[in-house]
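Here the structure comes first, spelled out in C-alpha coordinates, and everything after it is commentary.
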Amino acid sequence: GQNIDQPTEMTATEGAIVQINCTYQTSGFNGLFWYQQHAGEAPTFLSYNVLDGLEEKGRFSSFLSRSKGYSYLLLKELQMKDSASYLCAVGYSGAGSYQLTFGKGTKLSVIP
Amino acid sequence: EPEVTQTPSHQVTQMGQEVILRCVPISNHLYFYWYRQILGQKVEFLVSFYNNEISEKSEIFDDQFSVERPDGSNFTLKIRSTKLEDSAMYFCASSPGDAGELFFGEGSRLTVL
(Lines give C-alpha, C1' and ligand atoms only; values in the text may rest on other atoms or scores of the structure.)
Protein backbone atom coordinates (compact mmCIF):
# COMPACT_ATOMS: atom_id res chain seq x y z
CA GLY A 1 0.00 0.00 0.00
CA GLN A 2 0.88 3.65 0.01
CA ASN A 3 1.27 6.05 2.92
CA ILE A 4 1.73 9.76 2.22
CA ASP A 5 2.21 12.43 4.89
CA GLN A 6 2.20 16.19 4.52
CA PRO A 7 1.36 19.02 6.91
CA THR A 8 -2.30 19.91 7.18
CA GLU A 9 -1.96 23.68 7.07
CA MET A 10 0.67 26.36 6.54
CA THR A 11 0.62 30.13 6.52
CA ALA A 12 3.11 32.37 4.74
CA THR A 13 3.46 36.03 3.84
CA GLU A 14 3.03 37.50 0.39
CA GLY A 15 6.41 37.78 -1.35
CA ALA A 16 8.03 35.15 0.87
CA ILE A 17 9.20 31.61 0.17
CA VAL A 18 7.45 28.52 1.54
CA GLN A 19 8.47 24.87 1.50
CA ILE A 20 5.84 22.14 1.76
CA ASN A 21 7.22 18.74 2.71
CA CYS A 22 5.92 15.31 1.83
CA THR A 23 7.07 11.90 2.97
CA TYR A 24 5.86 8.67 1.47
CA GLN A 25 6.11 4.93 1.71
CA THR A 26 5.06 2.99 -1.34
CA SER A 27 5.71 0.01 -3.53
CA GLY A 28 5.89 0.23 -7.31
CA PHE A 29 7.03 3.86 -7.20
CA ASN A 30 6.59 5.65 -10.51
CA GLY A 31 7.02 9.33 -9.84
CA LEU A 32 6.18 12.01 -7.27
CA PHE A 33 3.66 14.64 -8.27
CA TRP A 34 2.50 17.96 -6.89
CA TYR A 35 -0.93 19.32 -7.71
CA GLN A 36 -2.60 22.58 -6.74
CA GLN A 37 -6.28 22.58 -5.80
CA HIS A 38 -8.35 25.67 -5.15
CA ALA A 39 -11.50 25.12 -3.08
CA GLY A 40 -14.26 23.50 -5.13
CA GLU A 41 -12.05 23.04 -8.17
CA ALA A 42 -10.13 20.22 -9.83
CA PRO A 43 -6.50 19.45 -9.02
CA THR A 44 -4.14 21.07 -11.50
CA PHE A 45 -0.70 19.66 -12.23
CA LEU A 46 2.32 21.59 -10.95
CA SER A 47 5.36 19.31 -11.10
CA TYR A 48 6.66 15.78 -11.47
CA ASN A 49 9.86 14.15 -10.22
CA VAL A 50 10.87 10.63 -11.17
CA LEU A 51 14.60 10.96 -10.50
CA ASP A 52 16.34 12.40 -7.46
CA GLY A 53 17.03 16.10 -7.47
CA LEU A 54 15.44 19.45 -8.06
CA GLU A 55 13.03 20.36 -10.85
CA GLU A 56 12.45 24.08 -11.36
CA LYS A 57 9.49 25.59 -13.16
CA GLY A 58 9.20 29.34 -12.74
CA ARG A 59 8.23 30.22 -9.16
CA PHE A 60 7.73 26.56 -8.31
CA SER A 61 10.41 23.95 -7.64
CA SER A 62 10.11 20.37 -6.48
CA PHE A 63 12.72 18.11 -4.96
CA LEU A 64 12.81 14.34 -4.63
CA SER A 65 14.94 11.89 -2.63
CA ARG A 66 13.79 8.37 -3.41
CA SER A 67 16.08 6.76 -0.82
CA LYS A 68 14.53 8.90 1.91
CA GLY A 69 10.97 8.76 0.59
CA TYR A 70 10.90 12.55 0.73
CA SER A 71 9.85 15.40 -1.49
CA TYR A 72 9.22 19.09 -1.09
CA LEU A 73 7.51 21.78 -3.10
CA LEU A 74 9.10 25.22 -2.94
CA LEU A 75 7.03 28.26 -3.82
CA LYS A 76 8.90 31.55 -4.28
CA GLU A 77 7.63 35.15 -4.42
CA LEU A 78 4.33 34.12 -2.96
CA GLN A 79 1.21 35.76 -4.32
CA MET A 80 -2.26 35.92 -2.80
CA LYS A 81 -3.54 33.68 -5.58
CA ASP A 82 -1.22 30.90 -4.34
CA SER A 83 -3.61 30.37 -1.42
CA ALA A 84 -4.81 26.83 -2.14
CA SER A 85 -4.32 23.21 -1.13
CA TYR A 86 -1.16 21.54 -2.40
CA LEU A 87 -1.48 17.83 -2.97
CA CYS A 88 1.45 15.44 -2.90
CA ALA A 89 0.77 12.32 -4.98
CA VAL A 90 2.74 9.18 -5.66
CA GLY A 91 2.59 7.37 -8.98
CA TYR A 92 2.10 3.67 -8.55
CA SER A 93 2.55 1.02 -11.21
CA GLY A 94 1.21 -2.44 -10.54
CA ALA A 95 0.40 -5.43 -12.70
CA GLY A 96 -0.88 -3.77 -15.86
CA SER A 97 -2.16 -0.71 -14.03
CA TYR A 98 -1.10 2.81 -13.19
CA GLN A 99 -2.58 5.34 -10.79
CA LEU A 100 -1.78 8.26 -8.55
CA THR A 101 -2.37 8.08 -4.81
CA PHE A 102 -2.87 11.43 -3.12
CA GLY A 103 -1.97 12.70 0.29
CA LYS A 104 -4.47 14.69 2.33
CA GLY A 105 -3.11 17.99 1.04
CA THR A 106 -1.56 21.03 2.68
CA LYS A 107 -3.80 24.08 2.88
CA LEU A 108 -1.60 27.14 2.30
CA SER A 109 -2.84 30.54 3.34
CA VAL A 110 -0.93 33.52 1.96
CA ILE A 111 -1.39 36.66 4.05
CA PRO A 112 -0.51 40.26 3.18
CA GLU B 1 -5.37 22.94 -25.20
CA PRO B 2 -7.14 19.56 -24.98
CA GLU B 3 -9.04 18.97 -21.77
CA VAL B 4 -11.11 16.40 -19.95
CA THR B 5 -14.77 17.38 -19.83
CA GLN B 6 -17.38 16.15 -17.37
CA THR B 7 -21.15 16.37 -17.17
CA PRO B 8 -23.17 17.22 -15.23
CA SER B 9 -21.31 19.76 -13.13
CA HIS B 10 -23.78 19.23 -10.30
CA GLN B 11 -26.43 16.58 -9.73
CA VAL B 12 -28.86 16.26 -6.86
CA THR B 13 -30.56 12.90 -6.40
CA GLN B 14 -32.63 10.99 -3.91
CA MET B 15 -31.13 8.12 -1.93
CA GLY B 16 -31.60 4.83 -3.78
CA GLN B 17 -31.67 6.40 -7.24
CA GLU B 18 -29.25 5.54 -10.03
CA VAL B 19 -26.80 8.17 -11.22
CA ILE B 20 -24.60 8.26 -14.31
CA LEU B 21 -21.68 10.66 -14.47
CA ARG B 22 -20.16 11.27 -17.87
CA CYS B 23 -16.66 12.12 -18.97
CA VAL B 24 -14.93 12.77 -22.27
CA PRO B 25 -11.21 12.08 -21.79
CA ILE B 26 -8.51 13.70 -23.91
CA SER B 27 -8.76 12.05 -27.31
CA ASN B 28 -5.35 10.36 -27.63
CA HIS B 29 -5.18 9.22 -24.02
CA LEU B 30 -5.29 5.52 -23.21
CA TYR B 31 -5.79 5.38 -19.42
CA PHE B 32 -8.95 6.63 -17.75
CA TYR B 33 -9.74 7.11 -14.10
CA TRP B 34 -12.43 8.06 -11.63
CA TYR B 35 -11.52 9.67 -8.33
CA ARG B 36 -13.79 11.09 -5.66
CA GLN B 37 -13.34 13.75 -3.00
CA ILE B 38 -15.71 13.99 -0.08
CA LEU B 39 -15.94 17.57 1.16
CA GLY B 40 -12.90 18.44 3.26
CA GLN B 41 -11.18 15.13 2.60
CA LYS B 42 -8.51 13.85 0.27
CA VAL B 43 -8.78 12.87 -3.38
CA GLU B 44 -9.41 9.09 -3.39
CA PHE B 45 -8.82 6.64 -6.22
CA LEU B 46 -11.87 4.68 -7.33
CA VAL B 47 -10.98 2.88 -10.56
CA SER B 48 -8.65 2.83 -13.54
CA PHE B 49 -9.61 1.66 -17.02
CA TYR B 50 -7.37 0.58 -19.86
CA ASN B 51 -7.89 -1.32 -23.08
CA ASN B 52 -11.63 -1.48 -22.49
CA GLU B 53 -11.47 -3.08 -19.11
CA ILE B 54 -10.93 -2.20 -15.46
CA SER B 55 -7.20 -2.39 -14.67
CA GLU B 56 -7.50 -1.66 -10.96
CA LYS B 57 -10.17 -0.70 -8.47
CA SER B 58 -10.13 0.40 -4.85
CA GLU B 59 -12.08 -0.94 -1.90
CA ILE B 60 -14.50 1.94 -2.33
CA PHE B 61 -15.47 0.70 -5.80
CA ASP B 62 -17.95 -1.95 -4.68
CA ASP B 63 -20.78 -3.64 -6.57
CA GLN B 64 -22.89 -0.50 -6.70
CA PHE B 65 -20.32 1.15 -8.97
CA SER B 66 -19.64 0.37 -12.60
CA VAL B 67 -17.73 2.02 -15.44
CA GLU B 68 -18.23 1.84 -19.16
CA ARG B 69 -16.74 3.19 -22.33
CA PRO B 70 -19.82 2.95 -24.54
CA ASP B 71 -18.20 4.52 -27.60
CA GLY B 72 -14.87 5.94 -28.70
CA SER B 73 -15.13 9.11 -26.66
CA ASN B 74 -17.26 8.77 -23.52
CA PHE B 75 -16.30 7.21 -20.19
CA THR B 76 -19.07 6.84 -17.64
CA LEU B 77 -19.38 6.08 -13.93
CA LYS B 78 -22.68 4.57 -12.80
CA ILE B 79 -23.75 4.43 -9.18
CA ARG B 80 -26.63 1.97 -9.07
CA SER B 81 -28.33 2.79 -5.78
CA THR B 82 -26.99 5.98 -4.24
CA LYS B 83 -26.41 6.37 -0.52
CA LEU B 84 -26.01 9.53 1.52
CA GLU B 85 -22.29 8.84 1.88
CA ASP B 86 -21.86 8.90 -1.91
CA SER B 87 -22.21 12.68 -1.77
CA ALA B 88 -18.88 13.94 -3.07
CA MET B 89 -17.09 15.55 -5.98
CA TYR B 90 -16.30 12.95 -8.63
CA PHE B 91 -13.30 13.65 -10.85
CA CYS B 92 -12.58 11.96 -14.13
CA ALA B 93 -8.97 11.89 -15.29
CA SER B 94 -6.99 10.56 -18.20
CA SER B 95 -3.35 9.97 -19.08
CA PRO B 96 -1.59 9.18 -22.34
CA GLY B 97 0.28 6.21 -20.88
CA ASP B 98 1.32 4.38 -17.74
CA ALA B 99 3.54 7.14 -16.44
CA GLY B 100 3.40 10.88 -15.94
CA GLU B 101 0.66 13.21 -14.85
CA LEU B 102 -3.06 12.65 -14.85
CA PHE B 103 -5.22 15.30 -16.45
CA PHE B 104 -8.33 16.01 -14.40
CA GLY B 105 -11.76 17.20 -15.44
CA GLU B 106 -13.58 19.95 -13.56
CA GLY B 107 -15.56 17.40 -11.56
CA SER B 108 -19.19 16.47 -11.03
CA ARG B 109 -20.62 17.35 -7.65
CA LEU B 110 -23.08 14.70 -6.50
CA THR B 111 -25.47 15.48 -3.68
CA VAL B 112 -27.57 12.60 -2.34
CA LEU B 113 -30.58 13.58 -0.24
Filter segment B:1-32 for residues that are touching a Pro at 6+ places or on another chain (Cβ under 6 Å) and farther than 21 Å from B:Q64 by Cβ; the one that is surrounded by the most Cβ atoms within 10 Å (Cβ to Cβ) is B:V4
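For segment A:27-54, how many residues meet the condition of being part of a loop (DSSP other than H, G, I, E, B), within 13 Å of another protein chain (Cβ to nearest Cβ) and open to solvent by 20 Å² or more (accessible area, probe 1.4 Å)?
Total satisfying the criteria: 7.
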Restricting segment A:55-65 to residues that are part of a strand (DSSP E or B) and small (G, A, S), the one nearest to the other protein chains (Cβ to nearest Cβ) turns out to be A:S62
Note on segment A:5-48: residues under 18 Å from B:L102 (Cα atoms) and aliphatic (A, V, I, L, M) are A:L32, A:A42, A:L46
Note on segment B:33-45: residues more than 10 Å from chain A (Cβ to nearest Cβ) and open to solvent by less than 10 Å² (accessible area, probe 1.4 Å) are B:W34
Among the residues of segment A:4-26, the number that are of a type outside the set (D, E, K, R), open to solvent by 50 Å² or more (accessible area, probe 1.4 Å) and touching a Gly at 6+ places or on another chain (Cβ under 9 Å) is 3
Counting only strands (runs of 3 or more DSSP E) entirely within segment B:51-106, those with at least 1 residues that are at the interface with chain A (Cβ under 9 Å from one of its Cβ atoms) and open to solvent by 10 Å² or more (accessible area, probe 1.4 Å) are B:53-57, B:88-95
- Message: Looking at segment A:88-107, can you tell me whether even one residue there is of a type in the set (K, R), open to solvent by 10 Å² or more (accessible area, probe 1.4 Å) and under 24 Å from B:Y35 (Cβ atoms)?
- Response: yes
Output for Cβ contacts, cut-off 9 Å, separation at least six or different chains, first residue more than 13 Å from B:P2 (Cβ to Cβ) in segment B:91-113, second among the basic types (K, R), reads B:F91/B:R36; B:C92/B:R22; B:S108/B:R22; B:L110/B:R36; B:V112/B:K83
* Tell me, please, whether a residue that is within 24 Å of A:A39 (Cα to Cα) and touching a helix residue (DSSP H, G or I) at 6+ places or on another chain (Cβ under 7 Å) can be found in segment B:89-112. => yes
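The values are calculated or read from the model by the stated rules, or taken from the named source; none is laboratory data. Keep in mind that this is a model prediction, so the values were computed, not measured. For neighbour counting, all protein chains shown are included, and Cβ atoms are generated from backbone atoms with ideal geometry for every residue, glycine included. SASA here: full protein model, heavy atoms, side chains in, ligands and nucleic acids out. Shrake-Rupley method; radii C 1.70, N 1.55, O 1.52, S 1.80 Å.
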